[in-house]
1. Below 8 Å, C-alpha to C-alpha, sequence gap of six or more: please give me the relative contact order for region 622-683 in percent.
2. Hey, can you find the accessible area per residue of region 322-468 for me, probe 1.4 Å, expressed in square angstrom?
3. Counting Lys and Arg as +1 and Asp and Glu as -1, what is the net charge of the other residues whose Cβ lies under 11 Å from the Cβ of Arg103?
4. Express the accessible area of region 642-714 per residue in Å², computed with a 1.4 Å probe while the remaining protein chains stay in the model.
5. If you take all C-alpha pairs in the chain, what percent of them are over 51 Å apart?
6. Going 7 Å from the Cα of Glu78 toward and past its Cβ, which residues in region 465-496 have a backbone nitrogen under 17 Å from where you end up?
7. Express the carbon and sulfur contribution to the solvent-accessible surface of the chain as a percent, rounded to the nearest whole number, probe 1.4 angstrom.
8. Quick check: residue separation of Arg144 and Glu247 times 0.36 nm, minus the Cα distance between them. What number comes out in nm?
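The values are calculated or read from the model by the stated rules, or taken from the named source; none is laboratory data. What you see is a predicted model; the values in this text were computed from it and never measured. Using ideal geometry, Cβ is built from the backbone for each residue, glycine included, and neighbour counts are taken over all protein chains shown. Each accessible area value is taken on the protein alone, full model and side chains, heavy atoms only, with ligands, DNA and RNA left out. Shrake-Rupley method; radii C 1.70, N 1.55, O 1.52, S 1.80 Å.
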Amino acid sequence: MSTTAATSRPRNRGSAETVTEPARIADEENDPQADRFLDREESWLRFNQRVLELAEDPDIPLLERVRFLAIFASNLDEFFMVRVAGLARRLATGIAVPAPGGRHPREQLRRISEVVHELGRRHAQVFHGPISKALETAGIMLVRWAELRPTERERMHQLFREQIYPVLTPFAVDPAHPFPHISGRSLNLGIFVRDPSRSNGRRVFARIKVPSVLPRFIALGGDRFVPVEDVIAAHLSQLFAGMEIIEHHAFRVTRNADLEVDEDETDNLLKSLEHELLRRRFGPLVRLEVEDTISDDALALLSRELGAEPGEVYRTQGPLDLSGLTQLADLDRPELKYSPFVPVEPPELIDGTLFDAMRERELLVHHPYESFNTSVVRFLADAARDPKVLAIKQTLYRTSGDSPIVDALIDAAAAGKEVVVLVELKARFDEQNNISWARKLEDAGCHVVYGLVGLKTHCKLALVVRQEDDGTLRRYCHIGTGNYNPSTARIYEDLGLFSCAPEVGQDISDLFNHLTGFSRDVSYRRLLVAPHALRQGLLDRIQGEIDHHRAKRPARIRAKTNSLVDEEIVDALYTASRAGVPIDLWVRGGCVLRPGIPGLSETIRVRSILGRFLEHSRIFAFDNGGDTDMWIGSADLMPRNMDRRVEALVRIADPDHCERLTEIMDMAMSDTVSSWHLAPDGSWTRHSRDADGEPLRDIQRWLRRHRHLRSVDG
């Protein structure tokens, strides 16, 4: 394939007509294929259901099942803070229109409530049932206050006096004290008290916020724990001295957490974001969680004061906020966890320097099977120390709290190298961390920029400019599918390409110039870059497979993505399927495409794999008439990635790398591998055992072993 990017190839008229053909199908009266999109929000909830099914799986180590329970709860929090909040905002502002799946936002919210209640019951059942029993058998117990032993109660009395009481603040509600603001995701106790000295016996309400500095569960010793709110509730008489405690209930609020910053109207994005982060805690309510033991009076008061509609109230068996179960999952009980796993060093890097290896050939690394630290971190650390390196340019979307990558960039600046870092301040829920990193890098002498107005910079790029022994300058590059975060790199599956090919170096230099300056050059050689060319580049390649299939040349589409919700891409895939092109889609999260519908998508298969590692890489492969056209990068198949972010895909040029990725893609779609299969109606069915009841192959376990053997053989 030529190194000329797809951006230079005009889209022919036939492509435009065929890609939009499904839209005409949808307009035909009584066409069973008209409802061609699944609901995006419910599709995401079904992804979280798959997470829950891992918690329900007795074949998974116990504390890993506990962790999946915590992940389910944390995922649901984010879903409400972003997706549900967005639907509610559209209703409130009067701009609500039906979703691509046909549901009006009001109907979407109703359906979300139904599904969340259904999944919430399953979540509570598995926690209070099989998992709690298995934990107890293993000597790990989460007990309520009534179940504490006398010695444990004495210890909790002392703990309360010394460490909890000083940080608590009760808020009374009366004519002189209005109902306090309840911040998002905070755990609270709502208390009704009565003053026995008054004859009217009037009940008054008070609220206590459980401070976030306290652990979610208090350790009793011997792997026994009690919810922190139980310890507080047992000592309410000390907080309301002389008052009669009538009832108390735990509750929790979720609020809209989307930030709204008009970049066209602000002179200082960093300061504006800092101000907006303070407002995040006070966004509109989207969910009120209460324990199912709450009284009707208490719930009515909370709903009225918080403005919670009936559909926004979620009653569940306590304790609330089971995202805190990570505390139990982190216990030092290796026999209850996945077996230890140590990433291997890529065999190409075992001897010699990384720069030497890159000059020999491009390197493809696969995390976490191959070490992030001995490849990506080493690349930047070596560049910071190497006196021949003149400049480093880097994008940072999310990174870890104690980042060796940031340290390497600071060291490079201290050594007098030119260091440019593009920090994306608007990375959701990492804004505060990124503001801190930006200030630290600026203080160290790095040039820090924040990208383009109106766009998030999501691409994962690093560029090192080095003067070689002969005096020439060479550019060494890394293009990844995941963040420069050593912590998540241990549990996120991602790919990275190391290259010093001149066309790649020129592309990344051009892209950095576009991001940091006023360059209008958006044509590239081996990159597809959003928002200018990525969508069209993928559409052209889908159309290319249609043309190859009609000409009886090898044609097939394979894609691995976190989400598939872009309507135009889905319609293009439908068009390819109707033309007979085989299409395999590996989608971790939400997917609005309906596979297997005769006359629309019967050649499309959709699989999902969840497990020990979070499948995070993005791969797009096209048979291209026998000359494989394969890409990896940062972009998912979502409108935001195509149109509102700076994303980059890089073409894989090495045939061995293409073969390696094709093997993984084909294995993921094999019926001998454990996965979930998507049906036309949007339901996902887990296939984890064969007809004889034997476990199907775990692709992540296979890759761990395969990469180890590759390292040894290499």
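1. Values: 35 pairs, mean separation 15.1, N = 62.
RCO, region 622-683: 24 percent.
2. Numbers: 5590 Å² over 147 residues.
Value for region 322-468: 38 Å² per residue.
3. Working: positive: Arg40, Arg106, Arg110, Arg111; negative: Asp35, Asp39, Glu41, Glu42, Glu107.
Neighbour charge sum, excluding Arg103 itself: -1.
4. On the way: 3650 Å² over 73 residues.
Value for region 642-714: 50 Å² per residue.
5. Numbers: 41639 of 254541 pairs.
Across the chain, Cα pairs with separations above 51 Å total 16 percent.
6. Inside the label zone: 481-494.
7. Details: 14620 of 30050 Å².
For the chain, the apolar C and S fraction of the accessible surface comes to 49 percent.
8. Values: separation 103, 0.36 × 103 = 37.08 nm, distance 1.65 nm.
So the chain would gain 35.4 nm between Arg144 and Glu247.
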